[in-house]
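Reading through the structure tokens given below for one structure.
Just so it is clear, none of the values below were taken in a lab; they were calculated from the coordinates. All figures in this text were calculated on a predicted structure; none of them were measured in a lab. So basically every Cβ, Gly included, is an ideal-geometry build from the backbone, and we count neighbours across all protein chains shown.
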Amino acid sequence: EKEFGLWNTKDLASRARVCATCHVGNADVPLMQVNHDLIAAGQVKSYPATPLTAETLREMHALKTGALLRAAAVMGAIEAGADDATIAAVDAYAADLGLAFQIVDDILDVEGSSADLGKTAGKDAASGKPTYPSLYGLDASRRMAADSIARAKQALASAHLGGLLPDIADLTVNR
């Protein structure tokens, strides 16, 4: 069975099952569970008892904003009647967009003002929360965000997609 095999069916029940699932990591997770898992995975892994690794930090971010963006983008592609290759490209775009968003959010927590952010600046460092800047530094974090956006745009280009999606990616790093 193909990973996206159900997405081309016209059967409403099958489409509902696919739309009610978000592909996270190597597993399909019901969307109703994703909200709870985002909180649990993102917050519990934010304060690990063991030292944080780059892989753990990336996974933590993928389970937060990345999962929500992927679910929304993939469901949009499904509803638009996209083929499997296009859906896969949209999924890759959204995964990298979500990662870039989280990296930039971490950077803004260091460099932004509370007034501009709408939340307390420096809160992550004050609480000892693991972030990209704390693990890699600000310059490397900026490069990683830019690389994520480049991969997101490449995913779109590979499926000949454009429109506003590349602009949305740029806004993510230039906010």
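Here are some notes:
- Cβ-derived FRET efficiency at R0 30 Å, Asp83 paired with Ile168, nearest 0.05: 0.85
- Charged neighbours of Leu156, selected by a Cβ distance under 13 Å, balance to -2 (K, R count +1; D, E count -1).
- Between amide H atoms placed 1.01 Å from N, distances below 5 Å from Ala159 occur with no residue 5 or more places distant or on a separate chain.
- Simple rule: put +1 on each Lys or Arg Cβ and -1 on each Asp or Glu Cβ in segment 61-160, find the dipole, and look at Ala159, Gly122, Leu97; the Cα lying farthest toward the positive end is Gly122.
- Listed pairs Lys123/Lys153; Lys64/Lys123; Lys64/Lys129 exceeding 23 Å between Cα atoms: Lys123/Lys153
- Surrounding net charge for Lys123, when Lys and Arg each add one and Asp and Glu each subtract one, Cβ distance under 12 Å: -2
- Only the Cβ atoms of Lys and Arg (+1) and of Asp and Glu (-1) were treated as charged; on that basis the dipole of segment 51-96 about its Cα centre amounts to roughly 240 debye.
- Modelled FRET efficiency - R0 22 Å, Glu111 with Ala157, Cβ distances, 0.05 increments: 0.15
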